[in-house]
Amino acid sequence: MLESLYAPIAALLFPGGLFALALGLALKGLDRRLAARLQARVGPPLAQPVYDLVKLAKKRTMVPDLANESVFLGAPLIGAVSMALAAALVPIPGFYTPSPVLGDLLVLLYLLTVPAIVLMIAGSASGSPFGAIGFSREMTMMLAYEGPLVLVVAAVAMRTGMGMGGVISFSLTDIITYQQNHGAFLFDPVMWPALLAFLAFYPANLGIIPFDIPEAETEVLEGPLLEYSGPALGLFKIMSALKAVVVLGLGVALFFPIAPAGVAGLLVQIAKLVVLMLIGVTVVRVSCGRMRIDQAFRFFLKWPLALSILSVAIVALV
Amino acid sequence: MTTLIQTLSKQTRNMAASSPWIYRINAGSCNGCDVECATTALIPRYDVERLGCQYCGSPRHADIVLITGPLTARVKDAVMRVYAEVPEPKVTVAVGVCPISGGIFRDGYAVHAPIDQHLQVDVNVPGCPPRPQAIIEGIAQAIAIWRERL
Amino acid sequence: MNFVKTLIRNLVHGPSTEVYPFGPAWTPTHFRGRVEFKLSSCTACRACEQVCAPGAIRFDKTPEGLRFLLWHNTCVFCGLCEHYCPTDAIHQTNNWHMAHATEHQYEMKIQQLIPYVSCTACGAKALASAPSPAGVEPPFTAEEIELQRNLCPACRKKALAERGV
C-alpha cells in the first residue's frame with residue numbers, strides 16, 4: 001500500500017498526469033460508445049479520444065489576428081497543467097493518500113475553478129464575438145454552480161470535523177477515514193441534501209447536457225473554443241478529460257470512499273469511476289435537452305443552493 | 001532505430017486518420033443536400049461516427065469540408081473567408097451536382113459555379129440530393145485522400 | 001419516464017445502423033440513379049434534350065454523325081428524359097455509386113455517336129435511325145425495315161408512298 005508518493009511523481013505520472021489522462025480518455029471513450037448505443041447507433045471505437053488527440057497534434061494552431069497571442073496560447077496550457085496537478089490531490093481510498101506537501105481540500109477547490117477561468121480567458125482572448133458570448137456564459141454558469149459546491153464541501157468537512165471532536169476538517173484523508181469508520185455519507189440521511197446538491201453541481205462543472213451552455217455547438221459555434229485548432233485545442237480536450245477524473249474522484253471521496261486496501265482499492269476506484277461516468281454522465285447527457293442560460297442560472301439559484309444551505313444548517317445543528 | 005521511428009510515424013498517421021472532423025459550408029444551397037448530410041450524423045441508420053467523424057461547429061476544428069450549393073454571388077466572399085479558416089491539411093468534398101457544375105441553376109446570373117474555379121475540390125458526390133450512403137462513400141474516399149496528406 | 005423505456009429498448013435491440021460502408025446497402029428497385037443510353041433504340045428525336053431540366057443532354061452535329069452527350073455531374077436525376085423518350089432509349093438504373101475524385105469529373109459522361117450513312121438511293125447524308133426501337137411495331141418485315149433504314153428522309157417518303165400501306 002502506498003502511503004504517499006514523492007510529490008512530482010504523483011503530479012506527473014501516477015495518479016495525476018499520465019495515469020489520470022489515460023483514465024480520463026478511457027472514460028470518455030466509454031461514454032461516447034455507450035451514448036451511441038443508447039441512441040441505437042454503432043458509435044466510434046473505444047480509443048477514439050486518443051485518435052482525436054493524435055490528429056490534433058498533427059494540425060497547426062492558427063492564431064487570429066485580433067487575439068492576444070500569449071494569453072491565447074497560454075490559457076490551455078495552464079488549464080491542462082492545473083488539472084493534472086489536481087488529479088494528484090484526489091485520494092484513491094485504500095491505495096493512495098496525497099502527500100500533505102501538495103495540499104488539501106481547499107487547494108483542490110481552488111484548482112477546480114481554474115478550468116472554468118481558463119475557458120473564460122480563452123474566450124475573451126480570442127478576439128471573436130462568439131468567444132465573448134462564451135466567456136460571459138461560462139462566467140454565469142460558474143457563478144451559479146460554485147456556491148452549492150463550496151457549501152456542500154463545507155457541510156462534509158463540518159460533519160467530519162465535528163465527528164472527530166473539532167469543528168471543521170478540510171483534510172481529505174480525515175474525511176475518508178471518518179467515513180470508513182462510521183459509514184459512508186451516501187447512506188447517512190443527514191447528508192442527503194448535500195448529496196442532491198452535488199448531483200446537481202457536477203453536470204454543470206463537467207459541461208454535459210443539460211448544462212453545456214458555454215460550449216454549445218449549435219448556439220454559439222463552440223463559444224470559447226471557436227478559434228482554437230491543432231495542439232492548443234488538444235490541450236483543452238486533455239483538460240476536460242482530466243477534469244472528469246478529478247470531479248468524479250472528488251464525488252467518490254466525499255460520499256462513498258469505502259474500498260478495500262491495496263491494489264484492490266485502485267481497481268474498486270476505477271470501477272466506481274466507470275459506473276459514475278456511464279450512469280451519471282452518459283445517461284443524463286443522452287436523455288436531456290440543453291437548458292437556456294437564464295433557465296440554468298435560475299435553477300441553480302433555487303434548488304441546489306437551497307439544498308446546500310439546508311445541509312450546512314442541518315450538519316451544524318445535529 | 002530508424003525502422004522503429006518509421007513504424008511509429010506510420011502508426012500515428014493511421015491513428016490520426018481515424019479521426020476526421022467534418023465541417024459543412026452551405027454556399028447558397030437549397031438545403032436538400034444539407035438535410036442529407038445531417039442525416040448521416042443524426043439518424044441512427046447512417047451513423048458516420050463509426051468512421052470516427054464528428055460534425056464540428058467551427059471551421060478551425062475541421063479536416064474535411066463538405067460544400068453544398070452553387071456558389072451564389074451573395075455568399076461568395078463569406079464562403080471564401082470561411083474556407084480559408086480551415087487549417088491544412090484539409091480535403092474538400094463537393095456534395096450534390098450544384099457545386100460541380102451549377103446543377104439545375106447552371107448558367108444562372110447569380111451563381112458562380114463550378115466551384116473548382118475558386119477553390120480546390122478533391123471529391124465529387126453527384127446526386128440531387130445524393131443518398132446518405134453516397135455521401136458516406138464520398139467521405140470515405142475523402143478520408144483516404146486525407147490520409148495521404150497527413 | 002418514456003425515455004427510460006426507449007433507452008432500455010435501444011440497448012436490448014442493438015444498433016439499427018445500416019452496415020454500409022462495411023457491407024452492401026439496400027437500394028430500392030426504382031431508385032432514380034445513373035442514366036443508361038441504348039444507342040440501338042435512339043431515333044434522334046431530341047425530345048430528351050428539350051425536356052432535360054439542367055441541360056445535361058446535348059446533341060452535337062459532327063462530320064461523322066450526331067453525337068449524344070450526357071454529363072452526370074450536372075444531371076439532377078429527375079427522370080424526365082426517361083419519361084418522354086418514345087422508344088425507351090434512355091432510362092435510369094438504380095446505381096448510386098457515383099462518388100469520384102475531381103480529376104475524373106469530366107469522365108462521368110455518356111458519349112455515343114449516331115452515325116451518318118449515305119442514302120442508297122440518292123447518296124445524300126442521312127442518319128441511320130434506330131435499328132430496334134422499343135415499343136414501336138411498324139407493319140413491315142425485317143428486310144423491309146433494313147432497306148428503309150438506309151434511305152434519306154426524302155427517298156424514304158417516296159419508297160413508302162410507292163409501296164402503299
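Just so it is clear, none of the values below were taken in a lab; they were calculated from the coordinates. Just so we're clear, the structure is a prediction, and the values are computed from it rather than from any experiment. So basically every Cβ, Gly included, is an ideal-geometry build from the backbone, and we count neighbours across all protein chains shown.
Other protein chain C-beta atoms within 10 Å of residue C-beta, averaged over B:107-118: 1. Quick one: go through region B:35-56 and flag any residue whose amide nitrogen is under 19 Å from the point 7 Å out along the Cα-to-Cβ line of A:A47. Counting only backbone N, you get B:49-54.
Averaging the inverse of every distinct alpha carbon separation and then flipping it gives the Kirkwood radius. What is it for region C:32-163, in angstrom units? Could you put the intermediate results ahead of the total?
Values: mean 1/r = 0.0615 Å⁻¹.
It is 16.3 Å.
Calculated on the Cα set of region C:21-82, radius of gyration then Dmax: 14.4, 48 Å.
Think of the protein assembly as shown as a dipole: +1 on every Lys or Arg Cβ, -1 on every Asp or Glu Cβ, centred on the Cα centre; then among B:V65, C:C45, A:L172, C:C45 lies furthest on the positive end.
When the dipole is taken about the Cα centre of the protein assembly as shown, and only Lys, Arg (+1) and Asp, Glu (-1) are charged at their Cβ, what size is it in debye, to the nearest 20?
On the way: 49 positive and 44 negative charges, 138 e Å.
Magnitude of the dipole: close to 660 debye.
Farthest toward the positive end of the dipole of region C:32-163, out of C:A99, C:C122, C:L66, is the Cα of C:C122, where the dipole comes from beta carbon charges about the Cα centre.
Only Lys, Arg, Asp and Glu count, each charged at its Cβ (+1, +1, -1, -1), so figure out the dipole size of chain C about its Cα centre, rounded to 20 debye. Walk me through the numbers before you get to the answer.
On the way: 16 positive and 14 negative charges, 65 e Å.
It comes to approximately 320 debye.
Among the trypsin sites (Lys or Arg not before Pro) found in region C:35-88, those both in a DSSP coil and sparsely packed, with 16 or fewer other Cβ atoms within 10 Å of their Cβ, are C:R46. Averaging 1/r over each pair of different alpha-carbon atoms in the protein assembly as shown and inverting the result gives 28.7 Å, the Kirkwood hydrodynamic radius. Pairs of alpha carbons in region C:75-147 separated by more than 14 Å make up 76% of all such pairs. Global dimensions of region B:19-149 from alpha-carbon coordinates: Rg and Dmax equal 13.5, 41 Å. Computed from backbone phi, the HN-Hα couplings of region A:119-136 come to 4, 5, 5, 4, x, 7, 7, 6, x, 10, x, 5, x, 5, 5, x, 4, 5 Hz, rounded to whole numbers (Karplus: 6.51 cos²θ - 1.76 cosθ + 1.60, θ = phi - 60°; Gly and Pro given as x).
Determine by what factor the alpha-carbon radius of gyration of region A:56-171 differs from 2.2 N^0.38 Å, reporting the quotient. Each step should come with its number before you reach the end.
Values: Rg = 18.2 Å, N = 116, 2.2 N^0.38 = 13.4 Å.
That works out to 1.36 for region A:56-171.
Put simply, the convex hull of the Cα atoms in chain A casts, on average, a shadow of 16.0 nm². Suppose every K and R has +1 on its Cβ and every D and E has -1 on its Cβ; what is the size of the dipole of chain B about the Cα centre, in Debye to the nearest 20? The dipole of chain B has a size of about 160 debye.
Helix-only arithmetic for the protein assembly as shown: the sum of -39500 (n - 2.57) across DSSP H runs with n ≥ 4, divided by the residue total, places the mean residue ellipticity at 222 nm at -16000 deg cm²/dmol. Taking the charge dipole of region B:21-150 about its Cα centre, with +1 at Lys and Arg Cβ atoms and -1 at Asp and Glu Cβ atoms, the residue from B:A142, B:N124, B:A110 reaching farthest to the positive side is B:A110.
Taking every C-alpha pair closer than 8 Å and separated by at least 6 residues, the mean separation divided by the residue count of chain A gives a relative contact order of 29 percent. Couplings 3J(HN,Hα) of region C:113-126, computed from phi: 10, 9, x, 7, 10, 8, 5, 5, 8, 10, x, 6, 7, 9 Hz, in residue order, whole Hz [Karplus 6.51 cos²θ - 1.76 cosθ + 1.60, θ = phi - 60°; x for Gly and Pro].
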